[in-house]
1. Straight-line reach from residue 482: which lysines have a Cα under 21 Å away, not including same-chain ones fewer than 8 places off?
2. Given a Förster distance of 22 Å, report the FRET efficiency between residue 431 and residue 475 from their Cβ-Cβ distance, rounded to the nearest 0.05.
3. Which value in nm describes the separation of the simple spin-label points at residue 126 and residue 226, placed 7 Å from the Cα toward the beta carbon?
4. As I understand it, the value is the acute angle between the Cα axis of helix 545-556 and the longest principal axis of the Cα atoms of the chain; what does it come to in degrees, rounded to 10?
5. Under a straight-distance cross-link criterion of Cα-Cα below 17 Å, which lysines are reachable from residue 576, leaving out those fewer than 8 residues away in the same chain?
6. In degrees from 0 to 90, rounded to the nearest 10, what is the angle of the helix 10-37 Cα long axis to the longest principal axis of the chain?
7. Quick one: of the DSSP bridges fully inside the range 452-536, what percent are antiparallel, nearest 5?
8. Go from 0 up to the bin containing the longest alpha carbon distance in the chain, width 10 Å each, and give me the % of pairs per bin.
Amino acid sequence: MGKSMGSIHPRERRRVRRLAAPAVWLVIAIAVATVVGVGAPAAADTALTFTPTADSDVQSTSPDKNFGSDTTMRNRATSPEWRIYLKFTVTGVTGAVTSAKLRLYVTDPSADGGSVFPVSNQYASSQTDWTETGITWNTAPPISGSPLANAGTTTTGTWVELDVTPAISGDGTYSFGMTTTSSNSAYYSTKEGTNAPQLVVTDSGVATAPVNSTPPSISGTPEVGQTLTADPGVWSGTAPISYTYEWQRCNPACADIGGPTSQYTLVDADEGATIEVAVTAHNAATPPDPSATSDQVGPVTQAPPPTPPTNTVPPSITGTPQVGQTLTADPGVWTGTTPITNTYQWQQCNPTCTDIGNATAQTYPVAPGDIGTNIAVVVSAQNAATPDPPYPSATSSQVGPITDSAGQSVTVVAAGDIACSPTSSSFKGGLGTTNACHQKYTSDLVVAGNPDGVLALGDLQYENATLSEFQGSYDPSWGRFKAKTYPATGNHEYQTSGAAGYFAYWGAQGHQESKGYYSFDLGSWHFIALNSNCSDAGGCGAGSPQETWLRADLAAHPTACTLAYWHHPRFYSTSKGLKSSATTQALWQALYDYHADIVLNGHVHHYERWAPQTPAGAADPSGIREFLVGTGGEDLTSTTTGPTKNLEIGSKAAFGVLRLVLRSTGYDWQFLPEAGKTFTDQGSSNCH
């Protein structure tokens, strides 16, 4: 007889069992046939009746409303559309299903009672089972494919019976959906109504053993550390069918290494071997339990060492660069050992890029403080080859400049006391020394920021502001953006009689015909340049030509926001404390009377910011905010530490420029220091 079953290797035993099984069933089949042949009755079919575990209808025009507690449910095609959903739990099936009928009790007739479809047991948007009290139009499982049956014309007080046999294979949970083409609603009773729906399942009473028609298979990479997953293949027989798994290492003989789950993680001992899996099927007709074995995969290799992420397509940003909008980062394309995890850091660029605190999500909501700047995002990548920072990173192209959500903003840059004399010992060919002649470096800030306008706050050229001095020092630096500069005169301009060098250099931009005071508009803002060299301008007091002109100009420009600038400040600090100059008080008064917002001055060679105040220097939220920006490059002084009284930022000795982003309803300021320096000042305010 050959080997006994006890001496056969387990894997060989399974194969023997698979070969022997048909013969065993043949004997059984012959025995049954013999009994039947002598008149014994055949096994009778068994009918099992189930009521729904859940039933409800859903409505298109109330997509988030649940109707699960209603006593009727309707089917309708239009105005609005209604659909029916039912769920049954089938238990106790012992043999092959020979028939399954869905029975519905009609409470209102229709020319088309609807078609029934098999649907998922789970909500459309999640992996959780739908419930009677939770299902809505928006969450209901989709209905698609071919219907199982159609109800046709329905009559009140009768049962509709729909054949759903193809959908029922044995014990389990089954869901159905119903639609119709008729605008005449078909109504059926729910389980809360008078006659609950029924699912009548008939089985043969004889369970059939599982039979494998498509062998098992293995997916996954045959590398140490990777996980292989078994697909049991295709089996027929009485449902439900469950499976166990026995993994084997073959090198070349096969030996069991684990089970019974469908996954196996490869270990070092598997290297060089091939892997197979035997799948055993179980149902009511077994044991004996039939099994089938997959093809082998492998040989198993050691995983190559991980490679760090490398960016091949740079990150990018989508979205509108406007306040109130949201920007979204695409990480780009990275190669390297997977999985790769990306992290994000958003940056504000103006012109150099700095990290925006806490902006580390894949999306970024644009804020008012971003107006006028560009936005970029740095994407970092991490994988098994880069467990610790710094991680490889790549930076997107910049988007912007950011605009105001209420309308297009404009950006201006301002400074005074700019270019030292080309004959100064500190000039050094325009490169300057540590403490003087930094006009090149401050002008680099303007070039990089590319503002809409430049406000030059007087004392633009030292020492005497002759034309040759302008041409030798100011022009190679700040002259690079002369075309969009709006100048004001300082006292050094009048070191040359009548400021002749200044007016010759600026031509029509200097407005010599009005002694250097004029106005203009940028965006929604009104700008006024004044001449604080009062004796040369014909006076600055009340009733003077300049003050009279100023009031007329303000009256003619009732814009929401106004900015004025000149050289000598009304309020400033010295080594002896805070000072004020009454020389320009009448100009302040006119601006205050017409609700101006900002005054810019130079003259003192440092930076100061004052809180809004009256012409007399009293704190007033409706007053004018003054900035002193005498930091354009000539030299620096530092006299107070502040803040004192209305002085919010006391004098700061730092070469740099003031950048203003002017929106339709407010403004943002930021002091930009020359490259390599750190002092800055920034904030926002609304217009009056």
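1. 440, 515
2. 0.85
3. 3.5 nm
4. 30 degrees
5. 645, 652
6. For 10-37 against the chain, the angle is about 50 degrees.
7. For the range 452-536, the DSSP antiparallel bridge percentage is about 55.
8. Result, from short to long distances: 3, 11, 14, 12, 10, 10, 8, 9, 10, 7, 4, 2, 1, 0 percent.
The values are calculated or read from the model by the stated rules, or taken from the named source; none is laboratory data. Predicted model only: the values in this text are computed from it and were never measured. Reconstructed Cβ throughout: ideal geometry from the backbone, glycine too, with neighbour counts over all protein chains shown. Just so you know, the surface numbers come from the protein's heavy atoms only, side chains and all, with ligands and any DNA or RNA stripped out. Shrake-Rupley method; radii C 1.70, N 1.55, O 1.52, S 1.80 Å.
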